[in-house]
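Accompanying notes for the structure given below.
The values are calculated or read from the model by the stated rules, or taken from the named source; none is laboratory data. Computed from a prediction, not measured in an experiment: that's the story for all the values here. Cβ sites come from the backbone with ideal geometry, for glycine too, and all protein chains shown count toward neighbours. Each accessible area value is taken on the protein alone, full model and side chains, heavy atoms only, with ligands, DNA and RNA left out. Shrake-Rupley method; radii C 1.70, N 1.55, O 1.52, S 1.80 Å.
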Amino acid sequence: TVQNCTTPATPGVISGNATVCSGSSNTYNITAVSGATSYTWTLPGGWSGTSTTTSIAATAGLNSGNITVTANNACGSSAAQTKSITVNTVPVPPGTISGNTAVCVASSNTYSITAVPGATSYTWTLPPGWSGSSSSTSIITTASSSSGNITVTANNTCGSSAAQTKTVTVNVIPAT
């Protein structure tokens, strides 16, 4: 008896996010392949997750790379379907904040940092009563009578960095 044995066709397009955050859980799917009895998924280095079905839940590591899947049966395995994945991480903390450490009440002062790779915005926090707002690498402030800390974090879709801090002392005008 001769039986005709054919390997499954290559799976279709892998659905799921092409850009992910390190440590995030992501699901990738394919449509079932006729004649396939199992599937073999391969993830980028440092990722975790296993599956022999048309879907895999994967936890992203630090490495970008390719997710591949093959359809299998008793006759062999198909060619691999591949999806390229980019992994983003939380930005590193900003460097030193430049600007005056001693200021006068009601004075206008500019504080700035060097751009952080991968950051899409910045969050500035000022001492009590100070005014000014910015989501960029610099901020123009107006000092109140309160001394304190100016802090800044770098942000992206994966989260916010640790804060960089600068202590500022406010000098008040002497009484007459």
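Potential lengthening of the chain between Thr125 and Thr40 amounts to 25.7 nm, from the contour at 0.36 nm per residue minus the alpha-carbon distance.
Left without a cysteine partner by the 4.7 Å Cβ rule in the chain: Cys104. Per-atom-type breakdown for segment 1-50 gives carbon and sulfur 48% of the accessible area (1.4 Å probe, protein chains only).
Taking 37 °C and 0.692 mPa s as the conditions, I'd like the Stokes-Einstein D for segment 58-176 in µm²/s, using the Kirkwood hydrodynamic radius from alpha carbon pairs.
Details: Rh = 17.4 Å.
Answer, rounded: 188 µm²/s.
Averaging Cα coordinates gives a centre for segment 125-146 and one for segment 1-43; these two points are 52 Å apart. In this rough spin-label picture, where each label sits 7 Å from Cα along the Cβ direction, the Thr82-Cys104 distance is 6.5 nm. Close amide H contacts of Val105 (hydrogens built in the peptide plane, cut-off under 5 Å, sequence separation of 5 or more or a different chain): Asn171, Ile173. Give me the percent of accessible area attributable to carbon and sulfur for segment 97-144, probe 1.4 angstrom. With neighbouring chains kept in place, the figure for segment 97-144 is 54 percent. Using the average count of surrounding beta-carbon atoms within 10 Å as a protection proxy, the listed peptides 58-66, 146-154, 125-133 rank, highest first, as 146-154, 58-66, 125-133. Here each label is just a point 7 Å from Cα along the line to Cβ, and for Thr96 and Ala74 those points are 7.3 nm apart.
Taking 14 Å as the cut-off, the amide N atoms of segment 68-84 that come nearer than this to a point 7 Å along the Cα-to-beta-carbon line of Val13 belong to 82-84.
A 1.4 Å probe run over the protein chains yields, for segment 18-96, 48 Å² of accessible area per residue, whole-number rounding.
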